[in-house]
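Working notes, structure below.
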Amino acid sequence: MPVIVIGADTALGEYAIDELSRHNRDIRAFVSDPTVGAGLRNRGIRVAVGDVSDGSHLGGAAAGCFSAILVPEAAFDGRLRSFADSPAATVSIWASAVDEASVQRLILLEDGRIPDASERFAGVEAEIVVIPTERRSPTDIAIDVSKADNLDSLPEV
């Protein structure tokens, strides 16, 4: 089953995609940057380009995915977010979108910037895996993302 990386056009998103690709996963990428999207398409990855605060677009892109990887940088950087007035609101939209898409496992790259993260994901029915990113190499984070996307079990990360 597919995995979607929301914020695939961030440094950590790119590391995650590279690692998932090494394991031949069926990857979808949600990006705001069309140039990055074109590069990902050239690698055979299905890409949705849009506003990361557009819940309906995110939900459509995530439909049928087993896992959703949420990269907080995409909620905090300078990209356009027309449907949210804050990074916290963007993250809440992500939670609703992946829940409505019936994603079974949500993988959150936790960098300490999401206020009240546990509350924002409280109503989500998916298994939630939190991968801490602070003071860790992007390679190690990406390896943990790939382990967490394992379809057979929910590993300790």
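Coordinate-derived values only; no laboratory data. All values reported here derive from a predicted model rather than from experimental measurement. Using ideal geometry, Cβ is built from the backbone for each residue, glycine included, and neighbour counts are taken over all protein chains shown.
Quick notes on this one:
- Considering the range 1-104, the qualifying strands (runs of 3 or more DSSP E), each wholly inside and each with 3 or more residues that are more than 11 Å from the chain's Cα centre (by Cα), run over 46-49.
- Condition met for VAL49 (surrounded by fewer than 22 Cβ atoms within 10 Å (Cβ to Cβ), touching a strand residue (DSSP E or B) at 6+ places or on another chain (Cβ under 6 Å) and among the β-branched types (Val, Ile, Thr)): yes
- With respect to (1) touching a Gly at 6+ places or on another chain (Cβ under 9 Å); (2) small (Gly, Ala, Ser); (3) closer than 25 Å to ARG22 by Cβ, the lone exception for ALA95 is condition (3).
- One residue stands out in the range 80-102 among those that are over 26 Å from MET1 (Cα atoms) and hydrophobic (A, V, I, L, M, F, W, C): the one that is surrounded by the fewest Cβ atoms within 10 Å (Cβ to Cβ), namely LEU80.
- Qualifying residues in the range 27-46 (those that are over 22 Å from ILE93 (Cα atoms) and out of contact with any strand residue (DSSP E or B) (no Cβ under 7 Å at 6 or more places or on another chain)) - the one surrounded by the most Cβ atoms within 10 Å (Cβ to Cβ): VAL36
- Just one of the numbered conditions (1) touching a residue at least 60 places away in the same chain (Cβ under 8 Å); (2) among the aliphatic types (A, V, I, L, M); (3) farther than 16 Å from THR133 by Cβ is not true of LEU40: (1).
- Taking the criterion of being touching a strand residue (DSSP E or B) at 6+ places or on another chain (Cβ under 7 Å) and of a type in the set (S, T, N, Q), the only residue of the range 53-76 that qualifies is SER67.
- Screening SER56 with (1) buried (at least 18 other Cβ atoms within 10 Å of the Cβ); (2) touching a residue at least 40 places away in the same chain (Cβ under 8 Å); (3) among the hydroxyl-bearing types (Ser, Thr, Tyr) gives one miss only, at (1).
- Scanning the range 129-143 for residues that are more than 23 Å from PHE66 (Cβ to Cβ) and without any contact (Cβ under 8 Å) to a residue 12 or more places away in the chain, we see that the one that is surrounded by the most Cβ atoms within 10 Å (Cβ to Cβ) is ARG136.
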